[in-house]
Each structure stands twice: as C-alpha cells, then as structure tokens.
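The values are calculated or read from the model by the stated rules, or taken from the named source; none is laboratory data. As the structure is a computational prediction, the values presented were derived from the model and not from experiment. Backbone-built Cβ (ideal geometry, glycine too); neighbour counts: all protein chains shown.
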Amino acid sequence: MRLGREQVDGMASLIVKHLRDQRLVTFRVDETKVWERIRDIFLKDLMVEDELNREVERILESHSRDMQQSDVDYRKMFQLVKAKLARERNIVL
C-alpha cells in the first residue's frame, strides 16, 4: 500500500515525539529539522520503491506475451521480480 504525504508526515511526527518523550535522544537541532530529515528519508525510500515498481512493470510488459501464453499470475510474478531486483540492489522493502 502506498503511503500518502500526510501519512508520512504523521509517522515522522510520531517518531520525533517518541524519541523526545522517552528521552531516547537529546536533540542538538530544532525538532522541526529532525522531523524534516525523518520525513525526507521516508519520502526518498518511497521514491526508490516507486522506481523499482516501474522497472518491474517494464520488465513484465516486455514479457507479457509469454506470460499470457503460460497463464502466469501477473501479481505473483510482479512480487517475485520485485523481490529479486530488490535483493540484487540491496533495497530493503
């Protein structure tokens, strides 16, 4: 499931709040800067996954005729190819 911008913002807020409330870290910069950095990391990871998804779609599209003839489940093949590419590129999903 794709996360929306508001969900990412909310998760970043919860992380900052938890770190602060549990006194797990001492912020050396304004909490807003910490929140922005966490949010940006989440967004970057989501963009990496989006690009991976697009690449998997291109790969499967180039083999669509073979897949139709073999009666292969598109979703299952999508997940298999995505997992393989992620492993090869050290992408944690």
In region 32-47, the residues that are of a type in the set (Val, Ile, Thr), surrounded by 15 or more Cβ atoms within 10 Å (Cβ to Cβ) and closer than 21 Å to Ile91 by Cβ: Ile38
Single residue of Arg2, Arg87 found to be without any contact (Cβ under 8 Å) to a residue 12 or more places away in the chain and of a type in the set (Lys, Arg): Arg87
Within region 3-37, the count of residues that are within 26 Å of Glu49 (Cβ to Cβ), among the aliphatic types (A, V, I, L, M) and at pLDDT below 95 comes to 1
Within region 80-93, the residues that are assigned to a helix (DSSP H, G or I) and surrounded by 13 or more Cβ atoms within 10 Å (Cβ to Cβ) are Leu80, Val81, Lys82, Ala83, Leu85, Ala86
Restricting region 64-91 to residues that are over 25 Å from the mean Cα position of the chain (by Cα) and not small (Gly, Ala, Ser), the residue that is farthest from Glu49 (Cα to Cα): Gln69
Return the residues of region 1-31 that are surrounded by 10 or more Cβ atoms within 10 Å (Cβ to Cβ), among the basic types (Lys, Arg) and over 16 Å from Met47 (Cα atoms); say none if nothing qualifies. Lys17, Arg20
Need pairs with beta-carbon distance below 8 Å; first residue within 19 Å of Ala86 (Cβ to Cβ) and within region 54-71, second of a type in the set (D, E, K, R) and assigned to a helix (DSSP H, G or I); sequence gap 6+ or separate chains. Val56/Lys82
Taking region 17-35 on its own, how many of its residues are closer than 19 Å to Arg5 by Cα and free of Cβ contacts under 8 Å to residues at least 12 places away in the same chain? 3
Condition test on Asp66, is it of a type outside the set (Ser, Thr, Tyr), modelled with pLDDT under 95 and assigned to a helix (DSSP H, G or I)? yes
